[in-house]
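*Asks:* Sharing a structure, written as structure tokens. Questions coming.
Values quoted throughout were computed directly from the atomic coordinates according to the rules given, and no laboratory measurement underlies them. Because the structure is a prediction, the values reported are computed rather than measured. So basically every Cβ, Gly included, is an ideal-geometry build from the backbone, and we count neighbours across all protein chains shown.
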Amino acid sequence: MNGIRKPSIDSLVTTDWLRDHLDDPDMRIFDCSTYLARDPNTTFREYTGESDWWNEHIPGAGFLNIPDALSDKSSGLRLTMLPPEEFARRMAAYGVGDDTRVVLYAAGQVMWATRVWWMLRAIGFDNAAVLDGGFSKWKREGKPISNTPCLYTPAILTAHPRPDAFADKGEVLAAIGGTGKIIVDALPPDQHRGETEINHGRLGRISSSVNVNAFDLINPADGTFRSPEEMRDLFASAGVKDKDRVICYCGGGISATGDSFALLITGHADVAVYDGSLNEWARDASLPMETG
């Protein structure tokens, strides 16, 4: 794609690698921590981890407010992608430019870091990485921690959109029962089967979708991603084939980026996130769902 710089950073970096590159002048590090609380009206309510960031963070790390600053408030849905040029403008205000490298981490679930990584990929920015194991692993290893606020100088970031990085409900509907496309649910198995009180308007899953729980991609011992071979086996066991276009979804397009990120870093070429996910799908009674 014209205008996109060849990546100079791996998509997944270790805590040791980041420690050795903290002072690189082109490095931009961001805490993406966001948390979910149960809410009777919206299933979940998200809130940022900014107060925790003020207390402790990786040295030099800024904070990204996903719910308020990096989501499209006009979409009628929660946590959806901004128009590419607007997202680029907001990331530029945070200090991300065409010639910077970015490392993203979260203090809790890694999918908040993969969400920002995926949005950057959707605008054609390929020099972003997720910190494997996140802030928890960083702290367990005794690596340096700071409480000094960091605000990077605003930069210029050019959008080179990849429209195929996101799928809409029309593409998902067309993929049901088709060939060459597979729909993957990143939610836990009980939600996939509809055997839980948690739902986003209706219980269950998008019809014909298979299940690869995003949490199963993570090693419980240290919060790192499983090996590429293990992750490929998980997707293959669910029926994902190498040449499929894979459309990942969840409740609100966050856990879905964990699956989509894992697919890309293990070599799958054609992957999309259904941004509306069940927040949109389950509310439309005309769209088919299954349980069991």
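*Asks:* Got a sec? Which residues in the range 131-165 would a label at Ile265 touch, if it sits 7 Å along Cα→Cβ and we count backbone N under 12 Å?
*Replies:* 131-134, by backbone N distance to the label point.
*Asks:* Sticking with this one: Out of these labelled values of Cα Rg over 2.2 N^0.38 Å, (i) 1.42; (ii) 1.00; (iii) 0.96, which was calculated from the coordinates shown here?
*Replies:* (iii)
*Asks:* Per residue of the chain, what 222 nm ellipticity follows from adding -39500 (n - 2.57) for every DSSP H run with n ≥ 4, rounded to the nearest 500?
*Replies:* Details: 11 runs with 84 residues, N = 292.
Taken over the chain, the calculation gives -7500 deg cm²/dmol.
*Asks:* Let me ask another. Which shape class, rounded, prolate or oblate, goes with the range 160-231 when its Cα gyration tensor gives a ≥ b ≥ c as root eigenvalues, a/c under 1.5 marks rounded, and past that a/b bigger than b/c marks prolate? Before the final figure, lay out each step's value.
*Replies:* Values: a/c = 1.95, a/b = 1.18, b/c = 1.65.
Since a/c reaches 1.5 but b/c is at least a/b, the shape of the range 160-231 is classed as oblate.
*Asks:* In addition: Roughly speaking, what is the stretch gain from Asp222 to Lys139, that is 0.36 nm per residue apart minus the C-alpha to C-alpha distance, in nm to one decimal?
*Replies:* That pair, Asp222 and Lys139, stretches by 28.8 nm at full extension.
*Asks:* Mind telling me which of Asp132, Asp16, Asp168 comes out most flexible in a GNM of the chain, alpha-carbon contacts under 10 Å?
*Replies:* Residue with maximal mean-square fluctuation among Asp132, Asp16, Asp168: Asp16.
*Asks:* For the range 222-252 and the range 71-119, what is the separation of their Cα centres, given in Å?
*Replies:* What the calculation gives is 22 Å, centre to centre.
*Asks:* Something else: Under the rule that an exposed site lies in a DSSP loop and has at most 15 other Cβ atoms within 10 Å, name the longest stretch of the chain with no GluC sites (Glu not before Pro) of that kind, not counting the sites themselves.
*Replies:* Details: sites that count: Glu56, Glu141, Glu195, Glu197.
So the longest stretch without any such site is 198-292.
*Asks:* Give the residue list of trypsin sites (Lys or Arg not before Pro) in the range 193-292 that are DSSP loop and have at most 15 other beta-carbon atoms within 10 angstrom. Don't skip to the end; give the middle numbers.
*Replies:* Details: sites: Arg193, Arg202, Arg205, Arg226, Arg232, Lys241, Lys243, Arg245, Arg283; in loops: Arg202, Arg226, Lys241, Lys243, Arg283.
Those that pass, being in a loop and sparsely packed, are Lys241, Lys243, Arg283.
*Asks:* For the range 191-235, what value does the Rg/Rh ratio take when both radii are computed over Cα atoms and Rh is the Kirkwood radius, given to two decimals? It would help to have the intermediate numbers written out before the result.
*Replies:* Values: Rg = 13.3 Å, Rh = 12.3 Å.
We get a ratio of 1.08 for the range 191-235.
*Asks:* Oh, and also: Which residue, Ile29, Ile176, Ile123, has the most motion in a Gaussian network model of the chain that connects Cα atoms within less than 10 Å?
*Replies:* For the chain, modelled as a Gaussian network with Cα springs under 10 Å, the answer is Ile176.
*Asks:* Using only the alpha carbons of the range 56-195, determine the length spanned along each of the three principal axes and report them from longest to shortest in whole angstroms.
*Replies:* Computed over the range 56-195, the largest-to-smallest principal extents equal 52, 36, 28 Å.
*Asks:* How would you classify the range 164-290 from its alpha-carbon gyration tensor, with a ≥ b ≥ c the square roots of the eigenvalues: rounded for a/c under 1.5, else prolate if a/b is greater than b/c, otherwise oblate? Show your work: numbers first, answer last.
*Replies:* Working: a/c = 1.87, a/b = 1.28, b/c = 1.46.
Because a/c hits 1.5 or more and a/b fails to exceed b/c, the range 164-290 counts as oblate.
*Asks:* What is the angle, in °, between the Cα long axis of helix 228-237 and the longest principal axis of the Cα atoms in the chain? Nearest 10 is fine, range 0 to 90.
*Replies:* For 228-237 against the chain, the angle is about 10 degrees.
*Asks:* Starting from the Cα-Cα distance between Ala93 and Ala69, subtract it from 0.36 nm times their residue separation and give me the gain in nm to one decimal. It would help to have the intermediate numbers written out before the result.
*Replies:* Values: separation 24, 0.36 × 24 = 8.64 nm, distance 1.07 nm.
Computed gain between Ala93 and Ala69 is 7.6 nm.
*Asks:* Continuing with the same structure: Once fully extended, how much extra length lies between Trp54 and Glu195, figured as 0.36 nm per residue of separation less the alpha-carbon to alpha-carbon distance? List each step's numbers first, then the result.
*Replies:* Details: separation 141, 0.36 × 141 = 50.76 nm, distance 3.90 nm.
Full-extension gain reported as 46.9 nm.
*Asks:* Taking a ≥ b ≥ c as the square roots of the Cα gyration tensor eigenvalues, with a/c under 1.5 meaning rounded and otherwise prolate when a/b beats b/c, else oblate, which class fits the range 19-110? Could the numbers behind the result be given before it?
*Replies:* Numbers: a/c = 3.01, a/b = 1.39, b/c = 2.17.
Oblate is the answer for the range 19-110, as a/c is 1.5 or above yet b/c matches or exceeds a/b.
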